[in-house]
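Accompanying notes for the structure given below.
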Amino acid sequence: MNETVISVRNLTKCFGNFRAVDGITFDVGRGEIFGFLGANGAGKTTAMRMLCGLSCPTSGSGTVAGFDVLREGERIKRHIGYMSQRFSLYDDLTVLENIRLYAGIYGLSHRQTLRRTAELFARLDFRKERNQLVGALPLGYKQKLAFSVATLHSPEIVFLDEPTGGVDPLTRRQFWELIYETAAAGTTVFVTTHYMDEAEYCSRVSVMVDGQIRALDTPAALKSRFRAESMDEVFRLLAREAKRGD
Amino acid sequence: MGNFGSFVKKETLHILRDRRTMLVVLLIPVVLMTLFGFAISTEINNIDVAVVAPHRTESVRQAVERMASNPYCTFKGYIPSDEIDRVLRRGEAAAVAVFAADYDRIAAMQAPAEPAVQLIFDASNTNTAMSGAAYLQSILTGASAQASPVEMRLLYNPQMRSAYNFVPGIMGMIFILICALMTSVSIVREKENGTMEVLLVSPVRPMRIVLAKLVPYFMLSCINLATILLLAAYALDVPLSGSAGAIIAVSLLYLVLALALGLLISTIAEKQIVALIISAMLLMMPIVMLSGMLFPVENMPAVLQAISYIVPARWYIEAIRKLMIEGLPFAAVWREVLILLAMTVVFIVVSVKKFNDKLE
Amino acid sequence: MNARYAIEIDGLTKRYGGMTALDRVSFRVERGELFGLIGPDGAGKTTLFRLLTTLMNPDEGTAAVDGLDCVAAYRQIRSRVGYMPGRFSLYADLSVEENLAFFAALFGVRVVDNYDLIAPIYRQIEPFRTRRAGKLSGGMKQKLALCCALIHRPSVLFLDEPTTGVDAVSRSEFWDMLAELKAKEISILVSTPYMDEADRCDRIALINEGHLLAVDSPRGIVSAYGERIYTLSGGDMYALLLAARRLPHVRRCCPFGAAHHLSVDADFDAAACRRQLADEGFADVALQPAESGIEDVFIKLMNHE
């Protein structure tokens, strides 16, 4: 692995007596597509919040994009992109207004905004859609747009929280092409998903069970280690050991 | 009928589980009664009065003596006439009674051409000034009945205690708040959460489920009714001169009306926040403004008066005022009761018609 | 009472304003069948459920559940069907047993009446019976919702996206439960956006943007609409994807997890393509024929629209 952009050691988050995230340790390199899997309640969301600088770890240490997760949460936020299925864009603003809003939030200059907006429209093949309300776009368009907006400020890492839920298979594939393209350009992609076939796209995959990382490797290595046909099987083998619900 | 009971039970559980809301609902009447009854008062507890009397004749002294011995007045002493402004500005007195130099002569006249006593008030608080002036005038008039060209008498509420006015107003407001707002929000919550879909896809008539929803809120309002009446009678000393039975009967009718209104709102609103806004804006505002709770309806422009006719609370407050404060018998409020009854029927009919057992 | 079909739909159309949510949809679900409605968000799945559960009336066409017309006989239908809407449809502030008791009362039965039906599912959540439904995990909520939908022993069960947002393990368990219910002669219509769940159904309907793409058994659909598929993997997958699109006789190339799927025409020459890729610097690539899956078919049929 060349350059490390996420590096955490024994990261732990407790809520009272409950160890939601229980000492996780891993590194993610530049340009990797890192799959972050886990059953509901395994602690994925909590871990992701800490990595995004939204929640302070109870103990452990780590850096994201070169900044300390304990002390530099605000600076981390400026150097990452985030997209979730639930909140991504404002339905009552047009495509262009949404883009300008995010460009403003991330402090892009006027010139940068114009250039990147043009690039974005070219890449997504948006024409008349530019001035449409986001709410009126088909779901697939919205998801692709949300992803492009999350990477508008060329972040070092983009966090995707179940980005493809409910999307048709063709759009899902186009979405993964966007992810490939982004990773090939040097942005690290950190993604959670419930589609186990999507885990196969990732360069490396971690599986969380009960707040701990139970396995971390390339999909091929995991499959051979667990003598499984697919990531789905690997995941089920591991998640069955879970003791706790959420 | 077996499942009706279990619906009521479920609804009661919802209310009991939401402790904070329940507590607020139970405490609202107490807080409002205390606020309006004691703190925000326009009533006269004590007027500090200074007196300007160029000639302290026997009759002047008698008048001042009577004023000073009144429990609601405090005599602050005689002052020279050029001190009036200073005394009022410094707040040393709220009112100054200026006796005419020839008070005895004017007071003795059958039809005086000029005032015998001039009352000067600090009117920076309009309400207290107005009511204080009226009260002081009544004391002074009583002092020498023939001294004043106009005789004024305040009946039913001689000290102009504002609690009397506010209690019916608070009742009109609280019941709308609890019955209409709470029920509409709780019905709309089921739409928003998706549970309404499951309820509709069941053999039970949805109207029945909704009616079961009203029962616990009705009970809750009854507790509030009891709280208000007890507070009014024992803490605020409202005489409840009319028959308590009539007050309760009219109030129960009003509760049903408010529940029907809540039901109606829930048939229109799709989101809790919409139900909340409709209840607050369309119900609360007119109640406060148009029901006569704060401003007398008679003084309003004709358009607003016309609008006030369709505000249910206006009729309820009027009826309760008659029963509670004027001590009139039930027969005196038949007009208000009929109007409320008609409104209730209309609301129920419309909401039953509008209530849709489909999603569109 | 003993209608031949659990569900019979003919030319069903539903519009919202100018938008056509369902466009002339027709299919039949046999008695005791586990029938899957498979399509992405916005395909019209929820609309179809609402028409069949009599929550809405269609603009055109007819629908019958258990032999009863969805418009004329909607009251009778409501006592015979079980429905689990897509959203969490339980009372979060009531406990597990309170929820169950309420839904039993709603249908005029006692929990004990049909306990045998729900027992295998309910036993799994029974240890938490005093817990508030809002505090259950996703998988447990789903089990409770299923118990509530089954408590009156419906003859047809409607499940709208029961597995959405639920992890792979809970999803798999859920499908096991459905298989058990099917054995108890309950007809089930279930929708899902997850194509990999298609194989769990007896028959499926593929649906997209209000149109029915195909109806058959999963195997039948693949054999009817399947194409020649090759899988391609190895090395830099993104570069490989772009290279594969330049290969001759490749109709379509999509990333498909571990390997890219190439849909190819009859003149496709695998050996020649391997050579071409090797010339372009892709050393260790595997290009192998493979069988079409439901997703391949879905993508193909979507493109034909």
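The values are calculated or read from the model by the stated rules, or taken from the named source; none is laboratory data. Only a predicted model underlies this, so the values are computations on that prediction, with no experimental measurement involved. Cβ placement follows ideal geometry from the backbone for every residue including glycine, while neighbour counts extend to all protein chains displayed.
The table below gives the values:
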quantity: The stretch C:223-247: number of residues that are under 26 Å from the mean Cα position of the chain (by Cα), among the hydrophobic types (A, V, I, L, M, F, W, C) and surrounded by 15 or more Cβ atoms within 10 Å (Cβ to Cβ); calculated: 1
quantity: Single unsatisfied condition, A:GLY186 versus (1) part of a loop (DSSP other than H, G, I, E, B); (2) out of contact with any Ser or Thr (no Cβ under 7 Å at 6 or more places or on another chain); (3) surrounded by 18 or more Cβ atoms within 10 Å (Cβ to Cβ); calculated: (3)
quantity: Check on B:MET130, part of a helix (DSSP H, G or I), under 26 Å from B:LYS322 (Cα atoms) and at pLDDT below 75; calculated: yes
quantity: Helices (runs of 4 or more DSSP H) wholly inside the stretch C:109-222 that include at least 3 residues being more than 22 Å from the chain's Cα centre (by Cα) and at pLDDT 90 or above; calculated: C:115-125
quantity: Leading residue by the ranking (nearest to the chain's Cα centre (by Cα)) among those in the stretch A:194-221 that are part of a loop (DSSP other than H, G, I, E, B) and more than 11 Å from every other protein chain (Cβ to nearest Cβ); calculated: A:GLY211
quantity: Search result, residues across the stretch A:160-178 that are of a type in the set (A, V, I, L, M) and either closer than 18 Å to C:LEU213 by Cα or not in a helix (DSSP H, G or I) (or both); calculated: A:LEU160, A:VAL167, A:LEU170
quantity: Residue list for the stretch A:232-246, filter: more than 8 Å from every other protein chain (Cβ to nearest Cβ) and part of a helix (DSSP H, G or I); calculated: A:GLU233, A:VAL234, A:LEU237, A:LEU238
quantity: Hits in the stretch A:77-123 (condition: among the β-branched types (Val, Ile, Thr) and closer than 23 Å to A:GLY135 by Cα); calculated: A:THR94, A:VAL95, A:ILE99, A:ILE105, A:THR113, A:THR117
quantity: Residue that is in contact with a His (Cβ under 6 Å, 6 or more places away or on another chain) and free of Cβ contacts under 8 Å to residues at least 60 places away in the same chain, where the choices are C:LEU144, C:LEU232, C:LEU136; calculated: C:LEU232
quantity: Hits in the stretch A:121-157 - residues which are touching a residue at least 60 places away in the same chain (Cβ under 8 Å) and over 16 Å from A:LEU89 (Cα atoms); calculated: A:PRO155, A:GLU156, A:ILE157
quantity: The one condition in (1) out of contact with any Cys (no Cβ under 8 Å at 6 or more places or on another chain); (2) at pLDDT 95 or above; (3) away from chain A (no Cβ under 14 Å) that C:LEU37 fails to fulfil; calculated: (3)
quantity: Complete set of residues in the stretch B:199-219 that are among the hydrophobic types (A, V, I, L, M, F, W, C) and at pLDDT 90 or above; calculated: B:VAL215, B:PHE218, B:MET219
quantity: Output for the stretch C:92-142, where each listed residue is of a type in the set (S, T, N, Q) and more than 14 Å from chain A (Cβ to nearest Cβ); calculated: C:SER95, C:ASN99, C:ASN114, C:THR130
quantity: Subset tally (residues that are touching a Cys at 6+ places or on another chain (Cβ under 6 Å) and in contact (Cβ under 8 Å) with a residue 60 or more places away in the chain) for the stretch A:6-63; calculated: 2
quantity: Conditions (1) within 37 Å of the chain's Cα centre (by Cα); (2) over 18 Å from C:ALA105 (Cα atoms): number failed by B:VAL215; calculated: (2)
quantity: Number of positions in the stretch C:62-80 that are free of Cβ contacts under 8 Å to residues at least 60 places away in the same chain, surrounded by fewer than 18 Cβ atoms within 10 Å (Cβ to Cβ) and not in a loop (DSSP other than H, G, I, E, B); calculated: 4
quantity: Output for the stretch A:180-198, where each listed residue is within 23 Å of C:PRO40 (Cβ to Cβ) and at pLDDT 90 or above; calculated: A:TYR180, A:GLU181, A:THR182, A:VAL189, A:VAL191, A:THR192
quantity: Hits in the stretch A:179-193 (condition: over 13 Å from the mean Cα position of the chain (by Cα) and either more than 10 Å from chain C (Cβ to nearest Cβ) or over 18 Å from C:CYS253 (Cβ atoms) (or both)); calculated: A:ALA185, A:GLY186
quantity: Criterion: in contact (Cβ under 8 Å) with a residue 40 or more places away in the chain and more than 14 Å from every other protein chain (Cβ to nearest Cβ) - qualifying residue of B:LEU338, B:LEU276, B:LEU359; calculated: B:LEU276
quantity: Scan of the stretch B:1-27 for residues that are crowded, with 18+ Cβ neighbours inside 10 Å and away from chain C (no Cβ under 14 Å), ordered by number; calculated: B:VAL25
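Table: residues versus (1) surrounded by fewer than 17 Cβ atoms within 10 Å (Cβ to Cβ); (2) away from chain C (no Cβ under 14 Å).
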| site | (1), (2) |
| --- | --- |
| A:GLY107 | yes, yes |
| A:GLN112 | yes, yes |
| A:ALA122 | yes, yes |
| A:GLU129 | no, yes |
| A:GLY135 | yes, no |
| A:PHE147 | no, yes |
| A:GLU162 | no, no |
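Condition check ((1) modelled with pLDDT of 90 or more; (2) under 26 Å from A:GLY107 (Cβ atoms); (3) surrounded by 16 or more Cβ atoms within 10 Å (Cβ to Cβ)) across all residues:
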| residue | (1), (2), (3) |
| --- | --- |
| A:ILE33 | yes, no, yes |
| A:GLY38 | no, no, yes |
| A:GLY43 | no, no, yes |
| A:ALA47 | yes, no, yes |
| A:GLY53 | no, yes, yes |
| A:VAL64 | yes, yes, yes |
| A:GLU74 | no, yes, no |
| A:GLY81 | yes, yes, yes |
| A:LEU93 | yes, yes, no |
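To keep it simple, each residue is scored yes or no on (1) of a type in the set (A, V, I, L, M); (2) not in a strand (DSSP E or B).
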residue: A:ILE6; (1), (2): yes, no
residue: A:CYS14; (1), (2): no, no
residue: A:PHE34; (1), (2): no, no
residue: A:THR46; (1), (2): no, yes
residue: A:ARG49; (1), (2): no, yes
residue: A:PRO57; (1), (2): no, yes
residue: A:GLY62; (1), (2): no, no
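Let's see how each residue does on (1) at pLDDT 90 or above; (2) among the polar types (S, T, N, Q):
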position: C:ILE229; (1), (2): yes, no
position: C:ASP236; (1), (2): no, no
position: C:GLN276; (1), (2): yes, yes
position: C:VAL297; (1), (2): yes, no
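So that you can scan it fast, the table gives a plain yes or no per residue for (1) of a type in the set (Ser, Thr, Tyr); (2) in a helix (DSSP H, G or I); (3) out of contact with any strand residue (DSSP E or B) (no Cβ under 7 Å at 6 or more places or on another chain); (4) farther than 17 Å from C:GLY39 by Cα:
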site	(1), (2), (3), (4)
C:ALA271	no, yes, yes, yes
C:ASP284	no, no, yes, yes
C:GLN288	no, no, no, yes
C:LEU301	no, yes, no, no
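For every residue, the table says whether it meets (1) aromatic (Phe, Trp, Tyr); (2) at pLDDT 75 or above; (3) more than 11 Å from B:GLY172 (Cα to Cα).
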| position | (1), (2), (3) |
| --- | --- |
| B:PRO239 | no, no, yes |
| B:LEU261 | no, yes, yes |
| B:SER291 | no, no, no |
| B:ILE317 | no, yes, no |
